[in-house]
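Here the structure is laid out as structure tokens; the discussion comes afterwards.
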Amino acid sequence: MVRINLLPHRQIRRAERQRQFNLMLAVTAAAGVAIVFMGSTIISSRLDEQLSRNARLEAASANLDKQIEEIKELKTQIRNVLERKQVVENLQLNRSQAVMLLDEVSRQMPEGMYLKAIKQQGRVVTLEGVADTNARVATLVRNLSGSQWLETPTLVEIKSATVNGLKQNNFTLTVQLKAPKSLEDEADVTKGRPA
């Protein structure tokens, strides 16, 4: 009988498998390192891109904030200029108002009465005067109702008094001014045309 020793053949196969295993392990480790390196590189590049985008957005946001502040400042300046313009326009409208008021009151007053005081507070004008009869005060109230410069006359009080043996009626009434809407309306009113 012939004896064959298979041990070296098994050792050779085992060594071959061990070498293949080690080779596969090295290739897998190298592939893992390469994948980790590539992933790290990709993530790092994307992170850098996102950081640069964020920096651009922050710069644009800061620029917009600065522009918003400039716009707010301009709006404040515009509002101030418009307020000043409105004041000048109101002064222009009201510059002849006292003359018109006195002229209108003198035209509407009936005979037999005179005024002691005229006070204006805003659009409300208070007239204090003396009349010889109550009927004259009523006529004044009616005349002021139809005025083109005055409206809503209201009799506040009327008192009877005797001065130097003559009976007089002291009265107080309020009336509101009709302000023209613009300079053109005032020009129309001064020319005699109703606004």
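The values are calculated or read from the model by the stated rules, or taken from the named source; none is laboratory data. This structure is a prediction, so every number in the text was calculated from the model and none was measured. FYI the Cβ positions are ideal-geometry reconstructions off the backbone, even for glycines, and counts take in every protein chain you see.
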### Task
May I ask you to verify whether residue 92 is touching a Phe, Trp or Tyr at 6+ places or on another chain (Cβ under 9 Å) and under 30 Å from residue 119 (Cα atoms)?
no
### Query
How about segment 77-106: which of its residues are over 26 Å from the mean Cα position of the chain (by Cα) and loosely packed, with under 12 Cβ neighbours inside 10 Å?
95, 98, 99, 106
### First in segment 115-135 and in contact (Cβ under 8 Å) with a residue 24 or more places away in the chain and in the same structural domain as residue 158 (by TED's automatic domain parsing), second anywhere and surrounded by fewer than 15 Cβ atoms within 10 Å (Cβ to Cβ) and charged (D, E, K, R), Cβ under 6 Å, 6 or more apart
126/119; 128/116; 129/116
### Message
Can you go through 82, 93, 47, 25 and tell me which one is in contact with an Asp or Glu (Cβ under 9 Å, 6 or more places away or on another chain), of a type outside the set (D, E, K, R) and assigned to a helix (DSSP H, G or I)?
### Response
93
### Query
Which one is nearest to residue 170 (Cα to Cα) among residues in segment 107-134 that are surrounded by fewer than 12 Cβ atoms within 10 Å (Cβ to Cβ) and out of contact with any strand residue (DSSP E or B) (no Cβ under 8 Å at 6 or more places or on another chain)?
111
### Query
If the Cβ limit is 7 Å and pairs must be 6+ apart or interchain, which residue in segment 67-92 that is polar (S, T, N, Q) pairs with which residue that is at pLDDT below 95?
92/183
